[in-house]
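Below is one structure, written out as structure tokens; comments come after it.
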Amino acid sequence: KCGKPANGKAKCDECLDKKNKNSRKNYKENLDLALCSRCGGPKTDATSSCSDCLKNKRAEHQKRKLLCLNHYGGSCQCCAEKETKFLTIDHLNGGGNQHREEIGGSIANSKIYGWLIRKDFPEGFETECFNCNRGKWMNDGICPHKEENPFRLS
């Protein structure tokens, strides 16, 4: 808009900063008025967004998640589960909690997907199902599928 070079981005850093400041201001004003934090329209429930914005947000999340899951294998690298509702991204060398803290995410959000895309899919990650991911966490980095267990139900 201003004519300055954007360095491969949609806008130059100055225009991007201005847009972000206005977005934060509008977000806070809309929340104070009990309106949708994204578009300023009427909210339909207890969330900060209207139903249309929430639907769009969920669709964007799914798009980012599928892109990441497919890049890192498309199925659980341990048990071959393919149902995307059961799949997540695993930090190969552990440290997922610390990494989420560094990028401002929580266990239940999608910031990791956006981060992976922005960083051009770095090494050190893989697709896993939640069971294998949690099993590794509870079992010193080894999925229970991969260990001998005389107490396993048959």
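The values are calculated or read from the model by the stated rules, or taken from the named source; none is laboratory data. Computed from a prediction, not measured in an experiment: that's the story for all the values here. For neighbour counting, all protein chains shown are included, and Cβ atoms are generated from backbone atoms with ideal geometry for every residue, glycine included. Each accessible area value is taken on the protein alone, full model and side chains, heavy atoms only, with ligands, DNA and RNA left out. Shrake-Rupley method; radii C 1.70, N 1.55, O 1.52, S 1.80 Å.
Other residues lying with their Cβ under 11 Å from the Cβ of G94 contribute a combined charge of -1, Lys and Arg counting +1, Asp and Glu -1.
Selection among N20, H91, L67 by position relative to the dipole of the chain gives N20 as farthest towards the positive end (Cβ unit charges, Cα centre).
For the chain, give the percent of accessible area contributed by carbon and sulfur heavy atoms, probe 1.4 Å, rounded to a whole number. Could the numbers behind the result be given before it?
Details: 5720 of 11360 Å².
The C+S portion of the solvent-accessible surface of the chain is 50 percent.
Loop sites here are GluC sites (Glu not before Pro) outside DSSP states H, G, I, E and B with no more than 16 other Cβ atoms within 10 Å. The longest part of the chain free of them is 1-82.
In a Gaussian network model over the chain where Cα atoms closer than 10 Å are linked, find which of N20, N97, N56 has the largest mean-square fluctuation. So, out of N20, N97, N56, the one fluctuating most is N20.
Taking all C-alpha pairs of region 22-68, those more than 17 Å from each other amount to 38 percent.
Phi angles of region 24-37 translate, via the Karplus equation with coefficients 6.51, -1.76, 1.60 and θ = phi - 60°, into HN-Hα couplings of 4, 4, 4, 4, 5, 4, 4, 4, 4, 8, 6, 10, 4, 5 Hz per residue; Gly and Pro are given as x. Across region 41-154, the mean sequence separation of Cα contacts (distance under 8 Å, 6 or more residues apart), normalised by length, yields a relative contact order of 28 percent.
Given +1 at the Cβ of Lys and Arg, -1 at the Cβ of Asp and Glu and no other charges, the dipole of the chain around its Cα centre is 960 debye to the nearest 20.
Could you tell me how many degrees, from 0 to 90 and to the nearest 10, lie between the Cα long axis of helix 51-71 and the main elongation axis, the longest principal axis, of the Cα atoms of the chain? So the inclination is approximately 40 degrees. Using the 1.4 Å probe convention, the accessible area of region 27-130 works out to 65 Å² per residue with neighbouring protein chains retained.
Couplings 3J(HN,Hα) for region 85-90, derived from phi with the Karplus relation 6.51 cos²θ - 1.76 cosθ + 1.60 (θ = phi - 60°), are 5, 9, 9, 8, 9, 9 Hz, where x marks Gly and Pro.
Of the residues G135, F121, G104, the one whose Cα sits farthest towards the positive end of the charge dipole of region 61-139 is G104 (charges of +1 on Lys and Arg Cβ, -1 on Asp and Glu Cβ, taken about the Cα centre).
Note on K4/R118: beta-carbon distance plugged into 1/(1 + (r/R0)^6) with R0 of 30 Å gives a FRET efficiency of 0.85. Summed over all non-identical Cα pairs, the Kirkwood treatment of the chain gives a radius of 18.5 Å.
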